[in-house]
Amino acid sequence: MTGSTSAERSEALRERYRATLGAVPRGVEDRLRVARAFGRLTTEEAFTALRDVVLADNPLGGRVQQLVHFGQLLALGRAEPARIHARGALHAGAAITDLIGVAETALITSGTPAYALGLEIVVELLPDDHGRAD
C-alpha cells in the first residue's frame, strides 16, 4: 500500500475484519494501535493477508469456517474469542441452531466446560423472545 497513510492502512485492515466478522474485535484494535505506534503495521498487513488466504479463500466457506473457529475456541476455553466467532458465524449466515450444534459437539470432544461455555454464548446471542421458560 505504497503512498497510503498509516490511518488509511489501518482502516483497510479494519474493513477486512468487518467483512468477515461484522465488527472489529477489541484485540485487533489493540494490535493496530501498537503496530501504528511502533511502525509495525506491515506485520499486521502480512498477518491479515495470510488470514485471508487461509480463512476467506478456503473450501469450507465463511459460515463453516466461523463455526469451526467457534468450536475450536470452546474446546480451548477461550471465551472472548469464541464470542467473536459465534457472532462472526451469525454474520456469515449461520443460525443459532448451528451454534447449539457446535456446543453439543464440544460436549463430546471437550467436556462439560466447553458445552457450558457454548450455551452461555448462545444465550447471550438469543433474540429477546427466545429461550424463555413459560
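The values are calculated or read from the model by the stated rules, or taken from the named source; none is laboratory data. The model shown is predicted, which means the values in this text are computed figures rather than measured ones. Counting neighbours? That spans all protein chains shown, and the Cβs are built from the backbone with ideal geometry, glycine included. Only protein heavy atoms, including side chains, enter the accessible area calculation; ligands, DNA and RNA are left aside. Shrake-Rupley method; radii C 1.70, N 1.55, O 1.52, S 1.80 Å.
Return the calculated 222 nm mean residue ellipticity for the chain, to the nearest 500 deg cm²/dmol, obtained by summing -39500 (n - 2.57) across DSSP H runs with n ≥ 4 and dividing by the residue count.
Counting only the DSSP helices, I get -23500 deg cm²/dmol.
Can you give me the Cα centroid spacing of segment 63-101 and segment 1-60 in angstrom?
20
Give the value in nm², to one decimal: projected area of the alpha carbon convex hull of segment 6-76, averaged over all directions.
One quarter of the hull surface, i.e. the mean projection, equals 5.0 nm².
Could you check how much of the accessible area of segment 8-122 is carbon and sulfur, as a whole percent, using a 1.4 Å probe?
59
Tell me, in nm to one decimal, what length is gained between A49 and V34 on full extension, where the rule is 0.36 nm per residue of separation less the Cα-Cα distance?
Here the segment from A49 to V34 would lengthen by 3.6 nm.
What's the magnitude of the charge dipole for the chain around its Cα centre, counting Lys and Arg as +1 and Asp and Glu as -1 at the beta-carbon? Answer in Debye, nearest 20.
The dipole magnitude comes to about 480 debye.
Quick one: which of 52-60, 112-120, 27-35, 86-94 comes out on top by average Cβ neighbours within 10 Å, and what's the full order, highest first?
In descending order of packing, they fall as 86-94, 112-120, 27-35, 52-60.
Over the chain, with the other protein chains present, what is the accessible area per residue in square angstrom, probe 1.4 angstrom?
Result: 60 Å² of accessible area for each residue.
How many percent of Cα pairs in the chain exceed 18 Å?
58
Estimate the FRET efficiency between V68 and T42 by the formula 1/(1 + (r/R0)^6), using the beta-carbon distance for r and 30 Å for R0, to the nearest 0.05.
0.60
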